Structures are given as structure tokens and as C-alpha cells.
1. How much net charge surrounds Lys105 when only the other residues with a Cβ under 15 Å from the Cβ of Lys105 are counted, with Lys and Arg +1 and Asp and Glu -1?
2. If region 62-175 were replaced by its equivalent ellipsoid, with semi-axes equal to the square roots of 5 times the Cα gyration tensor eigenvalues, what would those be, largest first, whole Å?
3. Net charge around Gly59, counting only other residues with Cβ within less than 13 Å of its Cβ (Lys, Arg = +1; Asp, Glu = -1)?
4. Treating cross-link reach as a plain straight distance, find the aspartates and glutamates whose alpha-carbon is under 16 Å from the alpha-carbon of Lys80, omitting any fewer than eight places away in the same chain.
5. Rounded if a/c is under 1.5, else prolate if a/b is larger than b/c, else oblate: which is region 7-141, with a ≥ b ≥ c the root eigenvalues of its Cα gyration tensor?
6. If you average the sequence gap of Cα pairs under 8 Å that are 6 or more apart and divide by the length of region 48-171, what percent do you get for the contact order?
7. 7 Å from Cα along Cα→Cβ at both Glu86 and Phe20: what's the point-to-point distance in nm?
Amino acid sequence: MTIKTKIRTIPDWPKQGIMFRDITTLLKDPEGFRETIDILAKRYKDVEFDVICGIEARGFILGAALAYKLEKGFIPIRKKGKLPGETYSQDYQLEYGIDTIEVHKDALSSGQSVLLVDDLLATGGTVLGAHQLIKKSGATIKEACFIVDLPDLKGSEKLRENNIPFYSLVEFEGE
């Protein structure tokens, strides 16, 4: 089985010309979801890092499952206004606007190493925003991992320019 075949493409969503890569079809498939987490767990089982941060919302699903499997803590990076405690905030550029993400100020400690998890790397804006949040906490990203990379949208180039190591399971051409 290949993970790529379990990911559905929805044309023209959220706007005309976008080929949306929908991982919900992968997540609902027990074998596909298990294989995804097993592949990532195998990659990171011998890598030294302290905690997993997942980006809202699909990064929560993947990050929490991976944290459980690797016996690590999980920290959510949420959209603005969703966390009850004191937070660090960071604006970031989306493909079609600006948004804000937050993390609790007491979630990460100075010197900690983070595995950052999200479902998809497109333009890289969300990951760069998460990178800034993690830096504000005094922690560093060991690596960012994704199920899907869309290299034509240049997010992977931005991560390389910012010295953020990353890994993805599959790539799709186009937007």
C-alpha cells in the first residue's frame, strides 16, 4: 500500500485553481493511518528530541499519535484565542491572507528540542510562524515533518533558507 494513493485530491478548493490534498481519507483508513504513524515513528525512534509540537488542526492528530508511539509529550500550536493561559503569539502569511498562531508560554523550556508536525507543507508560512513561536520559548526545531510536500509552492525552499530541517512522506506536483 502507498500512502499517496490514500490521499484524495479535491479540485478548486478552497478557491479556483487549487488542488486540495485531503488527508482525511488517509486518516479514516486504519491501515493507511497506522502505516503513516509507523513510518514516522521508525524515522524518529532514535532521534534525540524532547517534545512534539503539532500545528492546528491536522498536526494535532498526527502529532498526538506520534507522541504516544514515541513516548513523548505533545504541545498544541493553536489558532489565536484558543488557549486559556498566557501565550506567545505569531502572525504568519497564508497562501491567501494572514493568520495568527499561539503556544502557551509555559509549554516549552529554553534549550528544548522540538519535532514539529503538520499534515502538509505548502508555502511554508505556518511552519515559519511556528518556528518563530518555538524560538520565542527558547526551544529549537530538530526537524519538521509532514505527510505531504507541495514543492511547487516553494515552502520547502523557504524552510531550507531558514535552516529548518524537514521530512515529508510524499510529494504532489502543482498547487
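1. On the way: positive: Arg78, Lys80, Lys82, Lys135, Lys136; negative: Glu86, Glu102, Asp106.
My count for the surroundings of Lys105 gives +2.
2. On the way: eigenvalues 99, 57, 33 Å².
Calculated on Cα positions only, the semi-axes equal 22, 17, 13 Å.
3. Numbers: positive: Arg58, Arg78, Lys79; negative: Glu56, Asp118, Asp119.
Value of the local net charge: 0.
4. Glu56, Asp91, Asp99, Glu102
5. Working: a/c = 2.09, a/b = 1.13, b/c = 1.85.
Because a/c hits 1.5 or more and a/b fails to exceed b/c, region 7-141 counts as oblate.
6. Values: 274 pairs, mean separation 29.5, N = 124.
Value for region 48-171: 24 percent.
7. Between Glu86 and Phe20, the simple spin-label model gives 3.9 nm.
Taken together, the values in this text are just the output of simple stated rules run on the coordinates, not laboratory data. Computed from a predicted structure; not experimentally measured. All Cβ positions, glycine included, derive from the backbone under ideal geometry; neighbour counts span all protein chains shown.
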